[in-house]
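The structure under discussion appears below in the form of structure tokens.
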Amino acid sequence: PVEVEALASKGTSAVGIDLGLKDLATLSTGERIELPRWYRNMEARIAAAQRAKKKKQVRKLHAKVKAQRSDFLHKASTNLVREHGAIFVGNVNASGLAKTNMAKSVLDSGWGMLKTMLQYKGNDAGRIVEVVNERYSTQACSSCGSVSGPKGLKQLVVREWDCPDCGVHHLRDVNAAKNILACGLTRPSAGTTKETCHV
């Protein structure tokens, strides 16, 4: 894998990051980082090699997936550290989700690897990188703080919503990223406190 060094240019902006399975990350700026789904794209070839008992080929395919994931995440983390002076990431429970029917997608996403890369590259470059409590981040309106957004697993399909209290229209993931940013800047969204924001 190719490791890309964080450049010394000083980013001054602060950004919140909501990690996901549709996109790898959605930023509080509205920018999205794609999720290439490295394993999913190689899954059929790996399964065929396993059925044919071609162990060497299976190892090579798994290594290729790992290298592709690592290369992409190195580049994405380097760009984020280069462009922003403070980075706040939601504390999504990857290990918990890895035990659900979303396990393959969660493991393929590389959330943990991305957070690790952001932290050590951020430290090397003198940036602030923190993991913050993302509780209520998808439900709270980032404009007025009202906890009025879609709730529960059944409403995960709701990707846009209007706040009934202030009328602002939200894209679910961007709104969550804005709340994560607010939490990182110790301006907690509804349902959180300064103490519960940081983990």
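The values are calculated or read from the model by the stated rules, or taken from the named source; none is laboratory data. Computed from a predicted model, the values in this text were never measured in an experiment. Note that we place each Cβ from the backbone using ideal geometry, even for glycine, and neighbour counts take in every protein chain shown. Remember, those area values only see protein heavy atoms, side chains included, never the ligands or the DNA or RNA. Shrake-Rupley method; radii C 1.70, N 1.55, O 1.52, S 1.80 Å.
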> Accessible area of Thr12, 1.4 Å probe, to the nearest 10 Å²?
Replying inline: 130 Å²
> What Kirkwood hydrodynamic radius do you get for the range 14-83 when you take the inverse of the mean 1/r over all pairs of distinct Cα atoms, in Å?
Replying inline: 13.8 Å
> Got a number for the accessible area of Phe88? Probe 1.4 Å, square angstrom, nearest 10.
Replying inline: 10 Å²
> Per-residue accessible area for Lys75 at 1.4 Å probe radius, Å² rounded to 10?
Replying inline: 100 Å²
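R0 = 25 Å: FRET efficiency of Leu156 with Thr116, Cβ-based, nearest 0.05? Please list the in-between numbers first.
Values: r = 26 Å, r/R0 = 1.05.
With a Förster radius of 25 Å, E is 0.40.
Less than 10 Å Cβ to Cβ from Ala86, Lys/Arg counted +1 and Asp/Glu -1: what total charge do the surrounding residues give?
0
Set the Förster distance to 35 Å, then compute FRET efficiency between Gln68 and Val168 from the Cβ-Cβ distance, nearest 0.05. Intermediate values should be presented prior to the final figure.
Working: r = 38 Å, r/R0 = 1.10.
Calculated value: 0.35.
Rounded to the nearest 0.05, what FRET efficiency is calculated for Arg40 and Lys75 with R0 set to 25 Å and r the Cβ-Cβ distance? Don't skip to the end; give the middle numbers.
Working: r = 20 Å, r/R0 = 0.79.
Computed FRET efficiency for Arg40 and Lys75: 0.80.
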> Lys151: which aspartates and glutamates have alpha carbons under 18 Å from its alpha carbon, excluding same-chain residues fewer than 8 sequence positions away?
Replying inline: Asp18, Glu134, Glu160, Asp162, Asp165, Asp173
